[in-house]
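Shown next, in structure tokens, is the structure this report addresses.
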Amino acid sequence: MSMKNLADSIFQETVPELNKELLQEYYERSQRQKEDKKWLEKYKPIIIQSLQNAGKNKLEQEGFRVSITIPNTSHFDMEKVLVFLKEKQLGCLKEVVDEEALTQAIEEGVIDLEELKAVAWIEDKGTPRLTIKKVSSDD
């Protein structure tokens, strides 16, 4: 049997539960999902930029409540913290930064938090999240 005949015989088998309507509906929904994703990716930045240009995080307009949140994901760059602590020759070191000892040293004033932030803080706000909810007329 040739490879073509083998492939043809495999694909000629049917599965009763997979009727044409189910497969057609799934295919159409899958196609709509792809189109919707493209549309959302195109218009999300426009809506976010419009809110940011207006200086707003929340807005009720045209029967919709629109909000954007930008998560603050700032944190210390631990490699830079390690360099900082080595320069200070403090006992807050293990193989990695001992965060408990570091916190204690900051609280006790042994380490100036602002000085540490100047060399090791990573400012990061993350990706804006957009939420749009339909507002009922009762609100």
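Some points to look at:
- Expressed as a whole percent, the accessible area of region 10-130 that falls on carbon and sulfur atoms is 52 (1.4 Å probe).
- Flagged links, alpha-carbon separation over 31 Å, of LYS34/LYS125; LYS34/LYS133; LYS20/LYS42; LYS20/LYS133; LYS37/LYS125: LYS20/LYS42; LYS20/LYS133
- Take region 19-103 with all the other protein chains still there, run a 1.4 Å probe, and you get 83 Å² of accessible area per residue.
- For region 9-110, the normalised intensity computed at q = 0.12, 0.16, 0.17 Å⁻¹ comes to -0.75, -0.84, -0.88 (log10 of I(q)/I(0), Debye sum over alpha carbons, equal scatterers, no solvent).
- Cα gyration tensor category, rounded, prolate or oblate, for region 13-54 with a/c compared to 1.5: prolate
The values are calculated or read from the model by the stated rules, or taken from the named source; none is laboratory data. Not measured: the values here are computed from a predicted model. Areas reflect the complete protein model, heavy atoms only, side chains present, ligands, DNA and RNA absent. Shrake-Rupley method; radii C 1.70, N 1.55, O 1.52, S 1.80 Å.
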